[in-house]
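In what follows, a single structure is set out as structure tokens and then discussed.
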Amino acid sequence: MTTYSEEFKLVARPGEISFSKGLDGVVAAESTKSYVDGLGGRLVYHGHPIEELAEESTFEEVFFLLLYDRLPTAAELARFTGQLQQHREIPEEIYAIVRDHAARRGVHPMTVLRTAISALAVFDEHAEEDTPETHQAQAVQITSKMATVAAAIGRVRSGQAIVHPRSDLSHAANYFYMMMGRVPDAFEARLTDVLLILHADHESNASTFAALVVKSTLADTYSAVVAGIAALKGPLHGGANEQVMKMLESIGSPERVAAWLDEAMAQKKKIMGFGHRVYKTMDPRATILRGYAREVTRRAGTERWLVMAEQIEKTMVEKFAQKGIWPNVDFFSGVVMASLGIDPSMFTPLFAVGRSAGWVAHAWEQRQDNRLFRPRFVYVGPESEPYIPLAERK
Ligand SMILES: CC(C)(COP(=O)(O)OP(=O)(O)OC[C@H]1O[C@@H](n2cnc3c(N)ncnc32)[C@H](O)[C@@H]1OP(=O)(O)O)[C@@H](O)C(=O)NCCC(=O)NCCS
């Protein structure tokens, strides 16, 4: 018989200790990267309000800010942009993974993205080196290549030829170019940039936390990012944007919104794109995207998506605002991305292309002052059970 120490056996019996389901309200680390003010509806990346960055900045500059905790000088930004451009191409073997799997029935693009980014580590001879130089190099390389992989997945899924990256475009414009097979106009390039900026970081969200847990074991940066992609895939996190578009498609027209919502509420369904663990008011990213939604739906002739979204928003806010349930980033991003011509199944990969910046920045921050994440569970199983031999079990 194995004897366990009291400490090992039980943290406490139920009722003797309080714990927070889903780690709600638990502070897991210190970070200089971003701050979410859930009651004030503010998001700040290292001191810069998200509205300012969405208006003034670029993905490259925001990525530098997240990684190095300051805005770059012009020379630094040019060098950093050059590094991102230089690492865009991916090995033929990674294209082969995408070609072989992205169009398979029942395979989600995020599954292929997770697989391909994991496989990328095999082609990096420095993947296992744990030095500041390799960490920073991999942060740039993974984020640069994430866009190429994600775009290639979209092309293969829709039966189109893969478009290889160009090295003369911005990160956002090149990503759009690889997705659509044409260079974006100024509005499309700006909107893609804004989407990447808004998705770049969000404090201790589920995918960033997953990446940090992996990084805290001193695993390599690819492993941390793969954990981030895996967590982002779920419909309660990054997958919500795709679900919002599915919801709008299934409702079909503005006239059907009221009846659809009544039924959904009667069935106590969660409405995708609403609610947030931290924001108990309007998510500032949703406000920014609602503004862009007007212009992009007008240009694309998809105004009805926005009309439907605003009807849903109005009813939801009337009924649920008091409970702290408001639109989150995923509510309007679906309408915006669909109007840019992006297939709903490729919304979450776009989120990953932006969030890669946050994952690698937080992983690097964690590595610089590491302590293994190792929380406890409250043991609620039986204290002692007899071991019945297999042949005697019923
Ligand atoms: C994001 C989310 C997981 C946060 O959840 P959380 O902090 O764990 O809160 P819970 O899921 O426990 O919900 C708390 C209450 O609000 C309700 N609620 C939360 N989100 C809701 C939604 N989108 N629609 C309707 N009701 C919602 C829950 O039903 C629950 O009600 P109850 O207290 O009567 O049981 C949740 O709001 C959600 O599932 N939203 C939809 C998915 C989504 O848009 N995700 C993207 C987040 S950026």
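From the list His46, His87, which residue is in the same structural domain as Arg166 (by TED's automatic domain parsing), touching a residue at least 24 places away in the same chain (Cβ under 8 Å) and on the phi > 0 side of the Ramachandran plot?
Result of the check over His46, His87: His46.
Are there helices (runs of 4 or more DSSP H) fully within the range 21-124 with at least 2 residues that are more than 26 Å from Val226 (Cβ to Cβ)? List them.
Values: elements: 50-56, 59-68, 74-86, 92-101, 109-120.
So the answer is 50-56, 74-86.
How many residues does the range 190-225 hold that are touching a Ser or Thr at 6+ places or on another chain (Cβ under 8 Å) and of a type in the set (Lys, Arg)?
Matching residues across the range 190-225 total 1.
Condition check: more than 16 Å from the ligand (Cβ to nearest atom) and in a loop (DSSP other than H, G, I, E, B). Does Thr281 satisfy that?
no
In this structure, is Tyr292 modelled with pLDDT under 95, surrounded by 13 or more Cβ atoms within 10 Å (Cβ to Cβ), on the phi < 0 side of the Ramachandran plot and more than 16 Å from the ligand (Cβ to nearest atom)?
Here the answer is no, as Tyr292 does not meet what is asked.
Starting from residues that are surrounded by 16 or more Cβ atoms within 10 Å (Cβ to Cβ) and farther than 25 Å from Val27 by Cβ, keep the ones in the range 268-285 and report whichever is nearest to the chain's Cα centre (by Cα).
Gly273
Which residue out of Arg190, Arg155 is basic (Lys, Arg), under 25 Å from His48 (Cβ atoms) and surrounded by fewer than 24 Cβ atoms within 10 Å (Cβ to Cβ)?
Arg190
If we keep just the residues of the range 24-61 that are β-branched (Val, Ile, Thr) and more than 15 Å from Arg285 (Cα to Cα), which is surrounded by the fewest Cβ atoms within 10 Å (Cβ to Cβ)?
We begin by selecting, within the range 24-61, every residue β-branched (Val, Ile, Thr); these are 26-27, 32, 36, 44, 50, 58.
Keeping just the survivors that are more than 15 Å from Arg285 (Cα to Cα) gives 26-27, 32, 58.
Numbers: Val26: 10, Val27: 7, Thr32: 11, Thr58: 20.
The qualifying residue surrounded by the fewest Cβ atoms within 10 Å (Cβ to Cβ) is Val27.
Can you name the residue in the range 203-229 that is more than 10 Å from the chain's Cα centre (by Cα) and small (Gly, Ala, Ser) and, of all such residues, is nearest to the ligand (Cβ to nearest atom)?
First pass over the range 203-229, keeping only residues more than 10 Å from the chain's Cα centre (by Cα): 203-204, 209-227.
With small (Gly, Ala, Ser) added as a condition, the list becomes 204, 210-211, 216, 219, 223-224, 227.
Values: Ser204: 13, Ala210: 15, Ala211: 17, Ser216: 24, Ala219: 26, Ser223: 24, Ala224: 21, Ala227: 18 Å.
Step by step, filter the range 203-229, then rank; the result is Ser204.
Go through Ile388, Ile342 for me and flag whichever is free of Cβ contacts under 8 Å to residues at least 24 places away in the same chain, at negative phi and of a type in the set (Val, Ile, Thr). First the steps, then the outcome.
Numbers: Ile342 fails: free of Cβ contacts under 8 Å to residues at least 24 places away in the same chain.
It is Ile388.
Look at Ala258 and say whether it is under 30 Å from Val26 (Cα atoms), more than 12 Å from the ligand (Cβ to nearest atom) and either assigned by TED's automatic domain parsing to the domain that holds Ile117 or over 16 Å from the mean Cα position of the chain (by Cα) (or both).
For Ala258, the condition - under 30 Å from Val26 (Cα atoms), more than 12 Å from the ligand (Cβ to nearest atom) and either assigned by TED's automatic domain parsing to the domain that holds Ile117 or over 16 Å from the mean Cα position of the chain (by Cα) (or both) - is not met.
Does Arg304 qualify as being within 30 Å of Thr32 (Cβ to Cβ) and surrounded by fewer than 22 Cβ atoms within 10 Å (Cβ to Cβ)?
Here the answer is no, as Arg304 does not meet what is asked.
If I ask for residues that are within 12 Å of the ligand (Cβ to nearest atom) and under 18 Å from Ala54 (Cα atoms), which ones from the range 317-364 would you list?
Result: Asn328, Val329, Asp330, Phe331, Phe332, Ser333, Gly334, Phe351, Arg355.
The values are calculated or read from the model by the stated rules, or taken from the named source; none is laboratory data. From a predicted model like this one, the values you see are computed outputs, not experimental measurements. Positions of Cβ are generated from backbone atoms using ideal geometry, with glycine treated the same way; all protein chains shown enter the neighbour counts.
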